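The values are calculated or read from the model by the stated rules, or taken from the named source; none is laboratory data. The structure displayed is predicted, hence computed values, not measured ones. Positions of Cβ are backbone-derived with ideal geometry, glycine not excepted, and every protein chain shown enters the neighbour counts.
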There are 2 protein chains.
Amino acid sequence: MRIEEQDLVDRLRAFAQDPEAAHLIAEIQEYRPEDIADCLVRLDSEDAVLVLHALDPDDAAYILVELPSETARAIVNELPDTTVAHYLDILPMDDAVDLRAQLDPERFEALLHVIPAEDADEIRRLLSYPEGSAGQILTEDFVEVGPDATMAEVLQEIRQTADEDYETVNYIYVLSEDRHLLGVLTLRRVIRANPSATAREIMNSEPVTVPAEMPEEEVARTIARYGFSAIPVLDDRGRMVGIVTADDAQEVLEEAETEDVLAMGGVIGDAEAYLSLTPWQLIKRRFPWLAILFLAEFFTGSVLRHYSIQSDEGTGLLAQLMLFVPLLIGAGGNAGSQVTTTITRALALGEVRARDWWRVIRRELLVSFVIGGTLGFLGFLRAYLPFVGWNQPVSLSLVVGIALPLIVMWAASVGSLLPIGAKALKQDPAVMSAPFISTFVDATGLIIYFEIARLVLRAFGKSF
Amino acid sequence: MRIEEQDLVDRLRAFAQDPEAAHLIAEIQEYRPEDIADCLVRLDSEDAVLVLHALDPDDAAYILVELPSETARAIVNELPDTTVAHYLDILPMDDAVDLRAQLDPERFEALLHVIPAEDADEIRRLLSYPEGSAGQILTEDFVEVGPDATMAEVLQEIRQTADEDYETVNYIYVLSEDRHLLGVLTLRRVIRANPSATAREIMNSEPVTVPAEMPEEEVARTIARYGFSAIPVLDDRGRMVGIVTADDAQEVLEEAETEDVLAMGGVIGDAEAYLSLTPWQLIKRRFPWLAILFLAEFFTGSVLRHYSIQSDEGTGLLAQLMLFVPLLIGAGGNAGSQVTTTITRALALGEVRARDWWRVIRRELLVSFVIGGTLGFLGFLRAYLPFVGWNQPVSLSLVVGIALPLIVMWAASVGSLLPIGAKALKQDPAVMSAPFISTFVDATGLIIYFEIARLVLRAFGKSF
């Protein structure tokens, strides 16, 4: 695979150097669009334009839609209107709609007047659905028959209509006169059924459908859940308007997963490929959260300062307490990261719902009590023991041993309830990222630590 | 959706209370196996066994394979051998292989003697492939024809062989006499082609294939990449042994994503559903990393202690330096989390390869220099300014301002190179989790901080 890929990159580069080399273009055309797109990313955009221009436009269009959007945008801006219009014309309509994001709005509008009116109308229809909904990723090309059609007629219909523009013909949809969906036939059943049987007799009359306004991620999860190869989409009056196919759903899921993963790491932005982003774009995706968390961490400093100003420097106990700060906030942050990651993922997969919060928090408190208690015991030993530990007084060691489980339990509560709360408020739970939870637990965990210290040391007749 | 789900849970519970209620079972059977499985999880396992037993075994088998493995294991242990053998018999072979993980090995071996020998042989064949490889998720049920078959004959072949056991008939595979794959026909082309055309004339003779030993995640990514609905699998002598279908690939991907996400959060384990895990299992998944990171954080304490023992307490500067510790290690940890999340995801998607390390580190150093420099400036102001800041001497404020960009750049280097290094060593990059990077940066970042402090304060004629 890798050697082949290097081959392809070399060929693309060689062609960009010598655009007269027709044999190179012929060789390049042997590859699949997905592979060519992957390798084109490694060329600069002038060279990529050169290559796309030389390829058969029908191939070039399919390569373009596989490119990361930043790369695609750079290339589309260099291509003449006639070429882009041709791409819009030949691409499946959902891909054409995708391409719009790469064009500036006036140019896109102008191009719609160049392509066949029927295609332009379909693109406009898809664009009228909410951004990121099923409506924008559906295709209107599906095979439909009436309930009284015989299997022989269904096959005839497929022969006459289902050309390569149709993304799938696995399902044949049985519609009433007013375009309501009565049932679905699989192509396999059509082939295997008696040719004179009617659609009504053979069809599954309880197909799973989705409304056109459903968010695309939810549609994609539904398709994945049932293992369908396509799902019918209904408008708000229950009429069938198109289908969303499994491969488009797969792309939606992959992007959604990437966005979730990045959000959980504290990175803002869409699923754009890493290498196609400029350093400036990377900064824009990372700086906001980092700056917010940095400002929040000022508060941690203020907490430390608050207790140090109050402290009686003479005892030297504050300096000793300070040594355990990274250990305590580290444990809290790590425990919080684990919990928020687990819960956010379970929410994304629908395994946990917002209304399960009580079940979740009970489990998390139990689990974190056991884990935190064990860490607390280890922390106590580390503080108290001579030689292997730091040989601290028992009072201070107890502070560490007691504060640890409390901080870990606090981190687990915050790490589970904040994502669930976000979900309940219809926000993206992934925003309650591991760095966010860590930072939150840093400041609040320190308050727990110093208050425990105050109580325990007082019991031993000391203060810090 | 939700209301329906509650309905189904209620019906399942009602049936478990009153197993004579035949109308309830009829109603339950109207639902899809995926939905019934989701709701069965919310019953205890005795009740779930009761329900499964009452359902038509053909439905029950499909529900069982949709259950989280912990729940499935509990149920299978309660079911009699004849029932489980029947399930093994009717399930697609890849699902039957999956079921093995829920049974103890002797029982599974014994059951193989009860089911038809042909099925048992197929299960044994699949089990002979490496754990987690394409071989274990393939199905041997695919439609095959010779190169000289006409389209009419291909349709006839589908009518005669492709019953409901066949997961897909979208592709028809053209094999030579010695079972080498010559090409692939899509069912759509078969239907639309001239009935007397031969397979050789119509087929695509350069299909993408995968070897049976390929790890299942890689197979799944290949299917997703090209948007196939199935991919042919070849043995080590190039003979076609089966196909992996897109819906099985989708499941593999979802599990792999979940494992990656959890690993990035510092949680060990497979994609088992959160609510089906016992608290004890949750502890086992979380404690190992937490304990390792906790021990590693001891080292951070040792770093602090090292510098505090060396310090000249009289100046009081150490206590001031200590106040900035959470701010500095927080910024380093958060920046490191962002980078490791971004790079690990790009590696998982194949956007970045191990050999891109130099490109990555150059970008990351530039990006972290800009981000770290900005945070450093903010940190300086926070330390130096009166009123809005802490009114510290310029020397100490400079320490903070200089140490911050260095720590952020260090975190970015560690956060990008460690996952790439893991990948180069064929390890899972996701193990270089956000908590791991944070903890690593805590201790090492403090060394940077205190060494900068030593240098800068010396320049000002001070020491701490």
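Among the residues of the stretch B:94-113, at least one is modelled with pLDDT of 90 or more and assigned to a loop (DSSP other than H, G, I, E, B). Of all residues in the stretch B:120-131, exactly one satisfies the criterion of being more than 16 Å from B:Val241 (Cβ to Cβ) and assigned to a helix (DSSP H, G or I), namely B:Ala120.
Only a single item in (1) within 14 Å of chain B (Cβ to nearest Cβ); (2) without any contact (Cβ under 8 Å) to a residue 60 or more places away in the chain; (3) buried (at least 18 other Cβ atoms within 10 Å of the Cβ); (4) not aliphatic (A, V, I, L, M) is not met by A:Thr139, and it is number (2).
When A:Ala422, A:Ala443, A:Ala430, A:Ala453 are screened for being away from chain B (no Cβ under 14 Å), out of contact with any strand residue (DSSP E or B) (no Cβ under 7 Å at 6 or more places or on another chain) and either within 19 Å of B:Ser337 (Cβ to Cβ) or not in a helix (DSSP H, G or I) (or both), only A:Ala422 passes.
Is it the case that A:Arg237 is within 9 Å of chain B (Cβ to nearest Cβ) and free of Cβ contacts under 8 Å to residues at least 12 places away in the same chain? Taking the combined requirement at face value, the residue does not satisfy it. Taking the numbered list (1) at pLDDT 85 or above; (2) surrounded by 17 or more Cβ atoms within 10 Å (Cβ to Cβ); (3) more than 7 Å from chain A (Cβ to nearest Cβ); (4) under 19 Å from the mean Cα position of the chain (by Cα) in turn, B:Gly265 passes all entries but (3).
If the condition is being more than 8 Å from chain A (Cβ to nearest Cβ) and among the basic types (Lys, Arg), then the stretch B:275-327 contributes B:Lys284, B:Arg285.
Restricting attention to the stretch B:345-359, report how many residues are in a helix (DSSP H, G or I) and either more than 8 Å from chain A (Cβ to nearest Cβ) or over 24 Å from B:Thr439 (Cα atoms) (or both). The qualifying residues number 8.
Among the residues of the stretch B:245-260, is there at least one that is of a type in the set (Val, Ile, Thr), in contact with a Leu (Cβ under 8 Å, 6 or more places away or on another chain) and not in a helix (DSSP H, G or I)?
No, every residue in the stretch B:245-260 fails to be of a type in the set (Val, Ile, Thr), in contact with a Leu (Cβ under 8 Å, 6 or more places away or on another chain) and not in a helix (DSSP H, G or I).
If you go through the stretch B:78-108 and keep only what is within 21 Å of B:Glu272 (Cα to Cα) and among the aliphatic types (A, V, I, L, M), you end up with B:Ala96, B:Val97, B:Leu99, B:Ala101, B:Leu103. When restricted to residues that are farther than 21 Å from B:Thr245 by Cβ, of a type in the set (Asp, Glu) and in contact with a Ser or Thr (Cβ under 9 Å, 6 or more places away or on another chain), the stretch A:224-264 contains 1.
Counting only helices (runs of 4 or more DSSP H) that sit completely within the stretch B:165-229, those holding 2 or more residues that are surrounded by fewer than 19 Cβ atoms within 10 Å (Cβ to Cβ), more than 9 Å from every other protein chain (Cβ to nearest Cβ) and over 34 Å from the mean Cα position of the chain (by Cα) correspond to B:199-202. Scanning the stretch A:144-164 for residues that are more than 10 Å from chain B (Cβ to nearest Cβ), aliphatic (A, V, I, L, M) and not in a helix (DSSP H, G or I) turns up A:Val145, A:Ala149. All told, B:Ala14 falls short of being part of a helix (DSSP H, G or I), small (Gly, Ala, Ser) and within 25 Å of A:Leu349 (Cβ to Cβ).
Residue selection: A:Phe436 satisfies the criterion of being of a type outside the set (Ser, Thr, Tyr) and in contact with a helix residue (DSSP H, G or I) (Cβ under 9 Å, 6 or more places away or on another chain).
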